[in-house]
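Shown next, in structure tokens, is the structure this report addresses.
The values are calculated or read from the model by the stated rules, or taken from the named source; none is laboratory data. None of the values given here were measured: they were computed from a predicted structure. All Cβ positions, even for glycine, are placed from backbone atoms using ideal geometry, and neighbour counts span all protein chains on display.
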Amino acid sequence: MEKFIVEKSHSLKGVIDISGSKNAALPILAACVLTDGECIIEGVPPLNDVTTMLELIRELGCKTSYEGETISVRGKDIDNLTLDYNEVKKIRASFLLAGAMLSRFGRADIALPGGCSIGLRPVDLHLKGFEALGAVCENEHGIIHIRCEKLKGCEIYLDFPSVGATENIMLAASLAEGTTLIRNCAAEPEIADLADFLNKMGADIEGAGSDLIKINGVKSLHGCHHRIIPDRIEAGTFMLAAAATGGKIRLNNVCTAHMTALIHKLREAGAQINEEENSITLEKRGKTVNTCIKTMPYPGFPTDMQAQFMALMATGRGTGIVNETVFENRFMCAGELTRMGADIKVEGRCAVVKGVRELTGTAVKATDLRAGAALIISALAAEGKTEIGEIEHIDRGYFHIENKLSGIGARIERRSYED
Ligand code: UD1
């Protein structure tokens, strides 16, 4: 078990290279199950969630290798189409293997992932999509048995633009007979990256990145080469850290077009941001000005940046409002920030953040991945020393975040509990 010890860091300065996107890599790894050809994926950060996904696809019988940041997957010898609860509960993205298994083999037996610390997270929309394509889904003791003779293209309307459901349906429909239309689908950049990958495998997908995706089913898919898009959430987290401490940082390997909502909100808060072709610079002096954020499906403000923005506002000038519309229980970090002296009131899906002069370091715990990132941001700006526990949550989505932060002058160390 490890923890972070973080001390007040006055002004972050320097350059960070942003890694490939975790949330793009996970569905793309699931897509590798669709073919017996070899898929080579570059720019994949060695995160715990990625290694867990690799373990799961090996469990199905895929051969994998992982050298540097390049993964190779070969799904020629798949001989298992069952994933039980102990495997599925490790990462929710494991449920994306259902769409891929169903599409290629006509069946999947996979445990329901269940809720997690940020909400109920049902998979009803995924299953509704599979059923619309002609599959039968039966729940027996928490395992969903999904069967079909032949998936047939259809028109699907999603009640909510769920990222996972859109991806699962894309995977399932890629090898279906005929054309599938997904209306009110998610438009996140990670969906467009998955579509790019599938098209390189020989799929015929149009419209990914908009609210209507058209998938013309093909007979078979082949291996391909792909480089993962930059991680917009990792980039945003470092921007918020620099905004909270003041300073000037430059991030390389970013796609600023994927970060529009955050860039606007940071400018509103008083940060100076300069966007270039593949990089972005943020400069901030003095306190930020609190504002309102409302999380929404892309291109709205990302729910995965909400906790980190709340951390920034904890010491901003004035009162800020956070409205979380995507997940029903994503204010876990407010309690930890309050332990550090923040003034945050949560009422249903809204949090009112009254900026305080300064936070003070204490012992806190990362309740989930992004809440953990938020605590690091607060700790860097807080007076004294903060000890952040349960950092395995943070490691799920940031590869040795302490090294990248130390490189721009942050005082952060990883220690084991025995130290
Ligand atoms: C993905 C991201 C996660 C991000 C989220 C929202 C990955 C691996 N994870 O998660 O980091 O926070 O998008 O941007 O890419 N819902 C239903 N029924 C369903 C599916 C979802 O009601 O069948 C609800 C969820 O409970 C939630 C909302 O829809 O309230 C959004 O969930 P969804 O977009 O599916 O998120 P994930 O794909 O799980």
Worksheet item: Can you tell me which residues in the range 297-314 are within 10 Å of the ligand (Cβ to nearest atom) and either surrounded by 18 or more Cβ atoms within 10 Å (Cβ to Cβ) or closer than 13 Å to Arg330 by Cα (or both)?
Response: Pro297, Tyr298, Pro302, Thr303, Asp304, Met305, Gln306
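So which helices (runs of 4 or more DSSP H) stay within the range 61-166 end to end and still have 3 or more residues that are modelled with pLDDT under 95? Write out each step before concluding.
On the way: elements: 85-88, 96-105, 124-132.
In the range 61-166, 85-88 are the helices (runs of 4 or more DSSP H) which contain 3 or more residues that are modelled with pLDDT under 95.
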Worksheet item: Which condition does Pro299 not pass, out of (1) touching a Lys or Arg at 6+ places or on another chain (Cβ under 7 Å); (2) over 15 Å from Ala244 (Cβ atoms); (3) part of a loop (DSSP other than H, G, I, E, B), if it passes all the others?
Response: (1)
Discussion item. Just the residues that are among the hydroxyl-bearing types (Ser, Thr, Tyr) and either part of a helix (DSSP H, G or I) or within 13 Å of the ligand (Cβ to nearest atom) (or both), please, taken from the range 167-184.
Written reply: Ser174
Item to complete: Kindly check whether there is at least one residue in the range 287-295 that is part of a loop (DSSP other than H, G, I, E, B) and either loosely packed, with under 15 Cβ neighbours inside 10 Å or within 16 Å of the ligand (Cβ to nearest atom) (or both).
Response: no
Discussion item. Here are the criteria: (1) touching a Leu at 6+ places or on another chain (Cβ under 8 Å); (2) more than 12 Å from the ligand (Cβ to nearest atom); (3) touching a residue at least 40 places away in the same chain (Cβ under 8 Å). Tell me which single one Gly164 does not satisfy.
Written reply: (2)
Discussion item. Which pairs turn up if I take residues in the range 17-41 that are assigned to a loop (DSSP other than H, G, I, E, B) and look for partners that are hydrophobic (A, V, I, L, M, F, W, C) with beta carbon separation below 7 Å, at least 6 apart in sequence or on another chain?
Written reply: Ile18/Ala235; Ile18/Leu251; Ile18/Val254; Ser19/Phe399; Ser21/Ile228; Ser21/Ile229; Thr35/Met201; Thr35/Leu221
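Do we find that Ala208 is within 16 Å of the ligand (Cβ to nearest atom), of a type in the set (Gly, Ala, Ser), in contact (Cβ under 8 Å) with a residue 12 or more places away in the chain and touching a Gly at 6+ places or on another chain (Cβ under 6 Å) in this structure?
Values: within 16 Å of the ligand (Cβ to nearest atom): yes; of a type in the set (Gly, Ala, Ser): yes; in contact (Cβ under 8 Å) with a residue 12 or more places away in the chain: yes; touching a Gly at 6+ places or on another chain (Cβ under 6 Å): no.
In short, no.
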Discussion item. Given the options Glu87, Glu55, Glu7, name the one that is of a type outside the set (A, V, I, L, M, F, W, C) and closer than 30 Å to Thr360 by Cβ.
Written reply: Glu7
Discussion item. Six or more apart or on different chains, Cβ atoms under 8 Å: show the pairs whose first residue is in the range 112-137 and free of Cβ contacts under 8 Å to residues at least 24 places away in the same chain and whose second is among the aromatic types (Phe, Trp, Tyr).
Written reply: Cys137/Phe130
Worksheet item: Quick check: is even one residue across the range 309-327 more than 18 Å from Ser11 (Cα to Cα), in contact with a Cys (Cβ under 9 Å, 6 or more places away or on another chain) and touching a residue at least 60 places away in the same chain (Cβ under 8 Å)?
Response: yes
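Given the criteria free of Cβ contacts under 8 Å to residues at least 40 places away in the same chain and farther than 30 Å from Ile233 by Cα, does Cys185 qualify?
Numbers: free of Cβ contacts under 8 Å to residues at least 40 places away in the same chain: yes; farther than 30 Å from Ile233 by Cα: no.
Considered against the rule, which asks whether it is free of Cβ contacts under 8 Å to residues at least 40 places away in the same chain and farther than 30 Å from Ile233 by Cα, Cys185 comes out as no.
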